[in-house]
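The values are calculated or read from the model by the stated rules, or taken from the named source; none is laboratory data. Quick caveat, the model's predicted, so the values are computed rather than measured. No Cβ is skipped: glycine too gets one built from the backbone with ideal geometry, and neighbour counts run over all protein chains shown. Just the protein is used for accessible areas: all its heavy atoms, side chains included, with ligands, DNA and RNA removed. Shrake-Rupley method; radii C 1.70, N 1.55, O 1.52, S 1.80 Å.
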Amino acid sequence: MLAGMPHRAPGSSGQGPAQYLQGKQIRYYRPKGSADVRQLIDSGYQAFNAGRLSEACHIFSEKMLAPENDTTIGLTVAGALTPAGLGGCVIELMDRGLIDFMISTGANLYHDLHYALNFSLHRGSPFLDDVELYEQGIIRIYDVLFPATVLLETDAYIRDFLVRAKLSGPMSTSEFHYRLGTDLIARRPDSVEHSVVAKAAACGVPVYTSSPGDSSIGMNIAYHELMNGSTFMIDPNKDVNEVCAIILAGTHNGCVILGGGSPKNFYLQGQPTLWEVYGIPKGGNDFFIQITTDQVVWGGLSGATPAEAVSWGKVNPGVLPDTVVAYCDSTIAFPLFCEYAVGSPNGRRSRRELISKRDALVADLVRQAKAARESKHVTDEPAEIDRHR
């Protein structure tokens, strides 16, 4: 070990100097539909990426949310957005029926639990001495600071839930998160206004995690199997089929993508899965909005454009005017986007409550896939799709 490295038990709280946690507490921000923000976006955001964000706001509010389009809307979330307080925007969209299902990194859902359990995260600085933070038992997510005990106590809640819930056998992440959310509501009723996981359960919004082992929630599920002999496990096959079934059932389909990465592709792969694997010619997404700081030149899928997605059958080529990529930081752009949507004439819809419809939707997917298999072989490309809607 290098000389001068800190020595503390992993996760121990330390005795940190009080000034590190003196910054304002980070709270979930709930958009209210500010008329001033709408005027700014309509009149001031005219060109370059401001123009693209304005375009995204209009596509979402005037087209995706238009009652006549009957669009099933998926939100994908990557990056440390709940630690930054953006969970409140997601809560508001769920409450208003403006998103129908969600795919997130497990980390965002894990850090959301801190808010549900009433732990404190604080504003800080990205320019601190991380060795000293380590010695003092303080965790840093860029400029978000909190004591390591927040992690330990959140882990303890998850492990306690797993034991109390007596889960067994394979389960989709949507079912797991629904049960976790209902447990939060039962034990902490106020969490429904302070937690994405709890609000999703209350509103019937399925929440999926594309990489369930890649988070502290997954780590604690692994502990439960190893130490308690649990048979409970996350079944990604169920997730793939449920998401495909939701997309298949949609009159129109649209996505709002924050960042990119695994959640983005997990949603977008649903369309090619339908035609390429199941032989069902759905036709690609009808609306596509992405807010990202990545670029296609670096080769990451999180930077892939709607035009590139056309070649995969992920986006209908006839609707490219209803797609947009705004190259912005989600922590800046998403609250503005939500303010605009909440204040729009279509700022509230009836909730689809897809959590209770998953079995029926998957049964219809099975029926159509079997019919496709019996009637013809899976083709090399989407068959008989109207590509110029």
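Ser13: more than 24 Å from His252 (Cα to Cα), modelled with pLDDT of 95 or more and of a type in the set (Ser, Thr, Tyr), yes or no? Quick ask: steps written out before the conclusion?
Details: more than 24 Å from His252 (Cα to Cα): yes; modelled with pLDDT of 95 or more: no; of a type in the set (Ser, Thr, Tyr): yes.
Judged against the criteria, Ser13 is not a match.
On inspection, Thr154 fails the criterion of being closer than 28 Å to Glu225 by Cβ, in contact with a Gly (Cβ under 8 Å, 6 or more places away or on another chain), polar (S, T, N, Q) and part of a helix (DSSP H, G or I).
If we scan segment 43-51, do we find a residue that is at pLDDT 80 or above, open to solvent by 60 Å² or more (accessible area, probe 1.4 Å), out of contact with any strand residue (DSSP E or B) (no Cβ under 8 Å at 6 or more places or on another chain) and in a loop (DSSP other than H, G, I, E, B)? Yes. Of everything in segment 303-330 that's part of a loop (DSSP other than H, G, I, E, B) and open to solvent by less than 20 Å² (accessible area, probe 1.4 Å), which residue is modelled with the highest pLDDT? Looking at the filtered set, the residue picked out is Lys314.
The single residue among Ser344, Ser356 that is among the hydroxyl-bearing types (Ser, Thr, Tyr) and open to solvent by 70 Å² or more (accessible area, probe 1.4 Å) turns out to be Ser356. Of everything in segment 230-266 that is open to solvent by 30 Å² or more (accessible area, probe 1.4 Å) and hydroxyl-bearing (Ser, Thr, Tyr), the residue that is farthest from Lys314 (Cα to Cα) is Thr231. Beta carbons closer than 7 Å, at least 6 apart along the sequence or on distinct chains, pair a first residue in segment 97-108 that is open to solvent by less than 10 Å² (accessible area, probe 1.4 Å) with a second that is acidic (Asp, Glu) for Gly106/Asp214. In the set Asp294, Asp239, Asp286, which member is acidic (Asp, Glu), within 18 Å of the chain's Cα centre (by Cα) and modelled with pLDDT under 95? Selected residue: Asp294, the only one of Asp294, Asp239, Asp286 that is acidic (Asp, Glu), within 18 Å of the chain's Cα centre (by Cα) and modelled with pLDDT under 95. In segment 52-67, the qualifying residues are those that are assigned to a helix (DSSP H, G or I) and out of contact with any Gly (no Cβ under 9 Å at 6 or more places or on another chain), and the one that is surrounded by the fewest Cβ atoms within 10 Å (Cβ to Cβ) is Pro67.
State which residue is most open to solvent (accessible area, probe 1.4 Å) when the search covers only segment 159-209 and only residues that are of a type in the set (Lys, Arg) and assigned to a helix (DSSP H, G or I).
Restricting attention to segment 159-209, the residues satisfying the condition of being of a type in the set (Lys, Arg) are 159, 164, 166, 179, 187-188, 199.
Subset that is assigned to a helix (DSSP H, G or I): 159, 164, 179, 187, 199.
Working: Arg159: 79, Arg164: 88, Arg179: 94, Arg187: 132, Lys199: 8 Å².
Residue satisfying both the conditions and the ranking: Arg187.
Of all residue pairs spaced 6 or more apart or on separate chains, those with beta-carbon atoms under 6 Å, a first member in segment 257-280 that is farther than 11 Å from Ala369 by Cβ and touching a residue at least 24 places away in the same chain (Cβ under 8 Å) and a second member that is assigned to a helix (DSSP H, G or I) and open to solvent by 30 Å² or more (accessible area, probe 1.4 Å) are Asn265/Leu301.
For segment 218-229, state whether one or more residues are among the polar types (S, T, N, Q), open to solvent by 30 Å² or more (accessible area, probe 1.4 Å) and more than 17 Å from Ile103 (Cβ to Cβ). Taking every residue of segment 218-229 in turn, at least one turns out to be among the polar types (S, T, N, Q), open to solvent by 30 Å² or more (accessible area, probe 1.4 Å) and more than 17 Å from Ile103 (Cβ to Cβ).
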